[in-house]
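Working notes, beginning with the structure itself.
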Amino acid sequence: MPSSDEIRRLEELPDRLAQRFPAISTWTITTIVHEVHHGFDGRPVREFVPLLVERVAARQLVSAVR
């Protein structure tokens, strides 16, 4: 189960990624973040989930821009 810190960090993530990828809509970025985050459902170690979500989402966004 995600902690309140994990949820807070994930809520901030779409805005941070939108600054890095202004050509992609915030809706698209938010959707990707949610999809990537759900890929970590059921994982017992949650400490690095926001960082991993950001890295995977950023890679997907880089691919989308190309």
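The values are calculated or read from the model by the stated rules, or taken from the named source; none is laboratory data. On a predicted model such as this, the values are computed, not experimentally measured, just so you know. So basically every Cβ, Gly included, is an ideal-geometry build from the backbone, and we count neighbours across all protein chains shown. Only protein heavy atoms, including side chains, enter the accessible area calculation; ligands, DNA and RNA are left aside. Shrake-Rupley method; radii C 1.70, N 1.55, O 1.52, S 1.80 Å.
Roughly how many percent of the accessible protein surface of the chain is carbon and sulfur, given a 1.4 Å probe and a whole-percent answer?
Roughly 57 percent of what the probe reaches on the chain is carbon or sulfur.
Taking the dipole about the Cα centre of the chain, with the C-beta of Lys and Arg at +1 and of Asp and Glu at -1, give me whichever of Phe48, Ser3, Leu17 is farthest to the positive side.
Toward the positive end, the furthest listed residue is Leu17.
Does anyone have the angle between helix 26-38 and the longest principal axis of the chain? Alpha-carbon axes, 0 to 90°, nearest 10?
30 degrees
Calculate for the chain the 222 nm mean residue ellipticity that helices alone would give, adding -39,500 (n - 2.57) per DSSP H run of length 4 or more and normalising by residue count, nearest 500 deg cm²/dmol.
Value at 222 nm, helices only, nearest 500: -23500 deg cm²/dmol.
Evaluate the charge dipole of the chain about its Cα centre and quote only its size in Debye, nearest 20, assuming +1 on the Cβ of each Lys and Arg and -1 on the Cβ of each Asp and Glu.
280 debye
Stretch Asp5-Trp27 to full length: gain in nm at 0.36 nm per residue minus the Cα-Cα span? Don't jump to the answer; show the numbers that get you there.
Numbers: separation 22, 0.36 × 22 = 7.92 nm, distance 2.25 nm.
Result for the pair: 5.7 nm of gain on full extension.
Compute the long axis of helix 49-65 from its Cα atoms, compare it with the longest principal axis of the Cα atoms of the chain, and write down the angle in degrees, 0 to 90, nearest 10.
Approximately 20 degrees, to the nearest ten.
So which chymotrypsin sites (Phe, Trp or Tyr not before Pro) in the range 10-66 end up in coil per DSSP with only 13 or fewer other C-beta atoms within 10 Å?
Here the sparse-neighbourhood loop sites are Phe48.
For Rg and Dmax of the Cα atoms in Å, pick the label among [x] 13.9, 40; [y] 19.8, 72; [z] 11.5, 35 that corresponds to the value derived from the coordinates.
After the calculation, the listed value that fits is [z].
Using the heavy atoms of the protein chains alone and a 1.4 angstrom probe, what is the accessible area of the chain per residue in square angstrom?
70 Å²
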